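Let me begin by presenting the structure, written as structure tokens, before commenting on it.
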Amino acid sequence: MSDPNAELLPAVAPEAETAPVAEVSPASEEAAEPAESAAPESELADAPEEVAAEAVAEPETVLPDAVQPAVTEPEMVTEAPVAPEPVPAALPVPEPIPEPIEEGPSFGEIFAEFEHTHQRRSEDDRRQIRGTVLKADDEFVYVDIGYKSEGTLPLTAFPAGKLPEQGATVLVSVKGRSQDGYYELSLFRTAVPKDWTGLEAAFAEKATIVGTVTAVVKGGLHVDVGVRAFLPASRSGAREAGELEALVGTEIRCRITKLDVADEDVVVDRRVVLEQEALAQKAESFAAVTEGSVVSGTVRSLTDYGAFVDLGGVDGLLHISDISFTRIAKASDVLTVGQEIEVKVLKIDPATQKISLGLKQLQADPWATAVEKYPLGTTIRGVVTRTTDFGAFVEIEPGLEGLVHLSEMSWSRRILKATEVMKAGDVIDAVILSVTPGDRRISLSLKQALGDPWAEAAKTLHVGAVVDGKVASIQKFGAFVQIAEGVEGLVHISEIVADRRLNHPSDVLRVGEKVQALVLGIDQEKRQLKLSIKQLIPTGLDEFLAEQTVGTVVTGRVVTVDADQLAVELGDGIVVRTKAPAAKVEEAAPAAAAGKVDLSAFSSMLKNKWKTGGDSNTKAKAAVAAGQVRSFRITALDAAAKRIEIEMLP
């Protein structure tokens, strides 16, 4: 290549023209190459033209010192002038007149701007910058960080489907520059090591660094942390193979656990960083939660006793009893995993760092108005929600339940299990017995909603009335007879039969047997009814009362003789007491001496005398003695009261 200024050089002597040309050593050429590459084109573009001319000129030959033109300062010729006519060597060569050059930034200004940019980038590696989201495309989110160029964040830096909106503010760290001139950003406040020295420093300080997952390999992942590092699958924080695949191409925070510069072996751990971040986030979130506050959370998991809600780094327990005022069997009946809900913080335990949450506390409490809405004696209609050993729960309205006790289910019989009367899902009517909002209890009565049978029984039943019924149950002391629905009376064992003594009522009665009984007494307040069966069975006394009239003379045997009273037997089982006559009573010595009396003959004689009226002409004995048969006149009869009055004839 010929020198462009060769034509401007003065003519030289032939000796000078034949002078040997100095050779350029290869070493000097190699030294010139880095000098040329040291100045980037971007800097030269803004430098003065004189500096650019020096950097661009690449002469291939070096002239001897004798023929070098004396140039005091570099000149730049933009347009080569027309070659002049050959002149003698002694004549001076005219200098070309350079064209005016527009003034631009000086080299010092360019260098100062470069240092400022480089220094800011180094500082930004150690801190985060607040940027504004400008836009997003299929690969990046563009962020304005206040520099001349924008920064980019990969879409993988954000959770799926949760890209920031335009105008949103994000905290980022500058990692470097991309080939397109954008600043490469990261959401993490961690610098990326640039060389082995940076890796050694991070390893010694156990610092957290940022790397990019490049591939899934056997046993783990390859991570680019400035060099290729290995991340074991067990320390990746992923639980499934699919999660490992999802990490490819994403930035992760990790810590160097092994570093061998000689073998270029680097092993990193992501799990320990995730655990520390989770603990820090949990402590921060726990400190931000206060009792009584309303917070938003996401249902993380469901259990038999409730649901765990993620409050943003810390979990709280939403117990099944605090989900709804309505009784629910499982939390899954109301909530689903991933559902976002608002809950109220009920209690915080700093010692165990447990948080109790409530969902129903944000709803209207039906117990607050229960007393006003359901006064005592009100008849309500509800649905049986569940049965227990002691009764059944009835839902009056959502969140409001009442209990029907076993004793309030029936008037007529004893209920042992609630399922004998009702089952879950049945719609029933019940009467409000009591409402206790403090204890959240409502007592209900089913039998009172059906009507009180004793109120009707008191109107129709009275002492001496004859009733019909069925034997409902038998006990050792007697039998219960059901007169009407909800009304039962007791027939004592002594009132069942009159002719003999019973060991047990079941000797003559059976459950379900129809009987007729006489009402002996009734107590409406105690709901007690006394009955008698034997008093409706015809006896010898009844027959005697039916056959005899007042004034009739009958014959009887004196059973006992007291000072002024006689006990006279008028028939089988008919004993009447009467006043003794004024005459002196003598002991029946002859009768006693006579020995034993033939009772069968005596009974036949008495029956004959009752029918014939006896012998009125028989002379009375002077004295009355036990065992004597005497004549008596009936002075009064009362069939209802079964009462007989007599007087002895002389």
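Computed values, structure above
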quantity	calculated
Under 5 Å, built H, 5+ apart or other chain: amide partners of residue 141	153, 155
Amide H contacts of residue 237 (H built 1.01 Å from N, under 5 Å, at least 5 apart or other chain)	271
Charge dipole (segment 140-270, unit charges on Cβ, about Cα centre) - positive-most of 262, 242, 226	242
For residue 580, distant residues with modelled amide H under 5 Å away	565, 566
Among the listed pairs 282/330; 206/258; 459/534, those beyond 22 Å (Cα-Cα)	282/330; 459/534
Segment 271-344 - accessible surface per residue (Å², probe 1.4 Å)	56 Å²
Area of residue 369 that stays accessible when all protein chains are in place (1.4 Å probe, Å², to 10)	70 Å²
Nearest-20 debye value, segment 157-259 charge dipole, Cβ charges on Lys, Arg, Asp, Glu	320 debye
Where segment 435-518 is the region considered: accessible area per residue in Å², 1.4 Å probe	58 Å²
Quarter of the Cα convex hull surface for segment 182-300, i.e. its orientation-mean projected area (nm²)	10.0 nm²
Using θ = phi - 60° and Karplus 6.51 cos²θ - 1.76 cosθ + 1.60, couplings along segment 502-511 (whole Hz; Gly, Pro as x)	9, 7, 7, x, 5, 5, 10, 10, 9, 4
Under Karplus coefficients 6.51, -1.76 and 1.60, residue-wise ³J(HN,Hα) of segment 252-260 in Hz, glycine/proline x	10, 9, 8, 9, 6, 9, 8, 9, 10
Sulfur and carbon atoms: percent of accessible area, segment 499-568 [1.4 Å]	46 percent
Along principal axes, Cα extents of segment 283-367, largest first, whole Å	34, 28, 21
Which of 557, 414, 643 is most accessible, then next, and so on - probe 1.4 Å	414, 643, 557
For segment 239-339: Kirkwood Rh in Å [reciprocal of mean 1/r, alpha carbons]	17.0 Å
Percent carbon-and-sulfur accessible area, segment 205-287, ignoring ligands, DNA and RNA, probe 1.4 Å	49 percent
Where only alpha carbons of segment 383-469 are counted, the Rg and the Dmax (Å)	15.6, 53
Check: segment 410-477 dipole with +1 on Lys, Arg Cβ and -1 on Asp, Glu Cβ, in debye	300 debye
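The values are calculated or read from the model by the stated rules, or taken from the named source; none is laboratory data. Given the structure is predicted, the values throughout are model-derived calculations rather than measurements. Quick reminder, even Gly has a Cβ in these numbers, built from the backbone with ideal geometry, and neighbours come from all protein chains shown. Side chains are part of the model used for accessible areas, which takes the heavy atoms of the whole protein and leaves out ligands, DNA and RNA. Shrake-Rupley method; radii C 1.70, N 1.55, O 1.52, S 1.80 Å.
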